[in-house]
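**Q** Below: one structure in structure tokens.
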Amino acid sequence: MRNKFLLSCAPVSTTRQIIPVTSKSNIGYAVMLHGGAGARAGRDYSEAEAHLKELAQWASKELWAGGSALDVVTRIVAKMERSGKYVAGRGSAPNSAGYVEMDASVMSGPGQKAGAVAVISDVVSPVTVARQVMENTDHVMLAGPGALAFARSQGAELVENPDDYYVLPVGALKEEVHGGHGTVGAVALDLKGRLAGATSTGGTYGKLEGRVGDSPLIGPGTWADDSIAISCTGAGEQFIRSGGAAAVAWRYRSGLSLNDSVNGMLDDVKRMGGDGGLIAVTAKGEMAAVYNSEGMKCSSASTREPASAKTFW
Ligand code: ASP
């Protein structure tokens, strides 16, 4: 069976588009990636789409070979950070004080373990540091200079010369200082039935120094438990106020369908004046991507569906 959401994307509604959920009896693995819900109509994201597809293919091989969902989502997001093609890692935009501050988080379904970093500067891969917070500390989140000091203690790869390192992500315009945003994320279900999610961002363009969005927050930005894994992207303030990813998970665990769960939360974001999107995968192998912004870049793969990628409008 082909991946419905990538192949039968209906004309865009002005407010929202739900991508049909795939139900599977024979579960296998499933992986979904997003390159942010800040995509603008009419721009060329083909380079990012090709990259997203390549990453879904890579993830497919890893999961098929028995790789863990947690490793796959962490490594996918780290590759996206390094690529400079998205508003995360190398593609991050400076804050209003003129320098890059990044946020990232990772969560593992089994045991609901989590790690995060917020307003971290000068590291190549914030999500790798988030994973180290999860594994090597008693904490869930480190922020600012403390996060950087911890990253150094873990031997993190550092950005030596920020002026040369950071680049404009695919589709972004130089003059786009305010209002733009973007994020990367991945969710996966592995062959052992374990779920995981990860998210990383450079945040919103022109944000105030010290601003923390939803992406590093376990709950609003990223969630994974035994039933569902979710990564959000969009106007962070409204995602935080609506509960974001965890609010989807609570709806789903209370018995609502995946469609109703994702739409319920995104409707709340819209009511509060925000927009964005999310990707989700469940322990049953259902996958969904939904957004109410102008566009969102996605890719996916599963046991039954080859890797494919698209920017939805
Ligand atoms: N959620 C991110 C933030 O508010 C931005 C995005 O996903 O586009 O920092």
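**Q** Quick one: net charge around Glu294, please, counting Lys, Arg +1 and Asp, Glu -1 for every other residue with C-beta under 9 Å from its C-beta.
**A** 0
**Q** Nearest-5 percent of antiparallel DSSP beta bridges in the chain?
**A** The antiparallel fraction comes to roughly 90 percent.
**Q** Could you tell me the center-to-center distance, by alpha carbons, between the stretch 212-278 and the stretch 62-80 in angstrom?
**A** If you average the Cα positions of each part, the centres end up 22 Å apart.
**Q** With N denoting the number of residues in the stretch 222-309, provide Rg(C-alpha) divided by 2.2 N^0.38 Å, to two decimal places.
**A** Dividing the Cα Rg of the stretch 222-309 by 2.2 N^0.38 Å gives 1.04.
**Q** Give, as a single signed number, the net charge of other residues whose beta carbon lies under 9 Å from the beta carbon of Val119, with Lys and Arg counted +1 and Asp and Glu -1.
**A** Overall, the nearby charge balance is -2.
**Q** Towards the positive end of the charge dipole of the chain, with charges on Cβ (+1 Lys, Arg; -1 Asp, Glu), say which of Leu189, Thr204, Leu217 has the farthest Cα.
**A** After comparing all options, I get Leu189.
**Q** Sequence-distant or interchain residues sharing an amide H contact under 5 Å with Ala143, placed H: which?
**A** Here the answer is Ala118, since their amide H atoms fall under 5 Å of that of Ala143.
**Q** Which of the pairs Lys113/Lys310; Lys61/Lys310; Lys79/Lys207 have their Cα atoms more than 27 Å apart in this structure?
**A** Pairs exceeding 27 Å: Lys113/Lys310.
**Q** Report D for the stretch 94-237 in µm² per second (integer): Stokes-Einstein, Kirkwood Rh on Cα pairs, 4 °C, 1.567 mPa s.
**A** 84 µm²/s
**Q** Against the globular-protein guess of 2.2 N^0.38 Å, express the Cα radius of gyration of the chain as a ratio, rounded to two decimals.
**A** Taking N as the residue count of the chain, the ratio is 0.88.
**Q** Pop the C-beta distance of Ser96 and Asp267 into the FRET formula with R0 = 25 Å and round what comes out to the nearest 0.05.
**A** 0.20
**Q** How high is the relative contact order of the stretch 35-179, in percent, counting Cα pairs under 8 Å that sit 6 or more residues apart?
**A** 22 percent
**Q** By the scheme Lys and Arg +1, Asp and Glu -1, what is the net charge of all other residues having a beta-carbon under 12 Å from that of Pro216?
**A** Spelling it out: positives minus negatives among the neighbours equals -2.
**Q** Which value, in debye to the nearest 20, gives the size of the charge dipole of the stretch 68-125 about its Cα centre, when Lys and Arg are +1 and Asp and Glu are -1 at the Cβ?
**A** So the dipole magnitude of the stretch 68-125 works out to roughly 240 debye.
**Q** Shifting gears a bit: Ratio of the stretch 118-166's C-alpha Rg to 2.2 N^0.38 Å, to two decimals?
**A** Taking the Cα Rg and dividing by 2.2 N^0.38 Å, one obtains 1.09.
**Q** Rounded to the nearest 20 debye, what is the charge dipole size of the chain about its Cα centre when +1 sits on each Lys and Arg Cβ and -1 on each Asp and Glu Cβ?
**A** 920 debye
**Q** Now, a different point. Arrange the peptides 57-69, 299-311, 249-261 so that the one whose residues have, on average, the most other Cβ atoms within 10 Å appears first.
**A** 299-311, 57-69, 249-261
Readers should treat all values here as calculations from the given coordinates under stated rules, not as data from a laboratory. Keep in mind that what you see is a predicted model, and the values were worked out from it rather than measured. So basically every Cβ, Gly included, is an ideal-geometry build from the backbone, and we count neighbours across all protein chains shown.
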